[in-house]
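Here's the structure, in structure tokens; my notes come after.
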Amino acid sequence: MKEKGSPILLALVLGLLYWASIPTVTPDPTQCDLLDTSPLIEEVAKVEFVAPPKEVDPQPSPSDKPHEAVKREILVFLAPKDQKCEPCDRWKRCEMRRFIDAKWDVAIFDEPHSYGQTPTFELKSGDKKATLTGYTTLEQAGEAVR
């Protein structure tokens with residue numbers, strides 16, 4: 001007497017064996033076998049590379065002169081410490097580091113101030129100034145003082 005489940009069980013077992021034989025980690029094609037100790041590798045390891053000395057041009061071009069970066073400042077007026085302001089907290093969490101990384105001078109004011117809506121930003125880039133109210137991204141600030 002033949003069991004009805006035999007072909008299904010056999011297919012399941014074969015499927016599991018096939019699945020188990022598939023490699024789970026594919027080798028990185030950019031990595032080489034570092035354990036190969038052929039004479040060529042040992043010989044290359046002994047080679048010392050020396051960079052040629054830099055030549056100095058006695059007459060540098062005008063574009064070689066260092067230019068002064070435009071100083072960018074942002075004054076951030078947040079809600080006083082005893083008040084809750086979600087946009088203020090989110091700006092400090094999400095945007096402040098971006099401004100600092102982009103070389104803006106950042107000053108935070110979380111004491112009472114005259115601005116009714118927070119956050120409020122006073123921006124200065126070179127001789128250009130702007131005031132923005134509400135959550136402001138680095139890109140919006142840059143556009144305001146462009």
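General observations
- Subset tally (residues that are over 44 Å from the mean Cα position of the chain (by Cα), aliphatic (A, V, I, L, M) and either at pLDDT 65 or above or not in a loop (DSSP other than H, G, I, E, B) (or both)) for the range 1-30: 7
- Test result for CYS94, within 23 Å of the chain's Cα centre (by Cα) and without any contact (Cβ under 8 Å) to a residue 24 or more places away in the chain: yes
- Filtering the range 66-87 for residues that are in contact (Cβ under 8 Å) with a residue 60 or more places away in the chain and either loosely packed, with under 15 Cβ neighbours inside 10 Å or aliphatic (A, V, I, L, M) (or both) leaves a non-empty set.
- Counting only helices (runs of 4 or more DSSP H) that sit completely within the range 34-146, those holding 3 or more residues that are at pLDDT below 90 correspond to 39-45.
The values are calculated or read from the model by the stated rules, or taken from the named source; none is laboratory data. Since the structure is predicted, the reported quantities are computational estimates derived from the model, not experimental observations. Because the Cβ atoms are built from the backbone with ideal geometry, glycine has one as well, and the counts that use them run over all protein chains shown.
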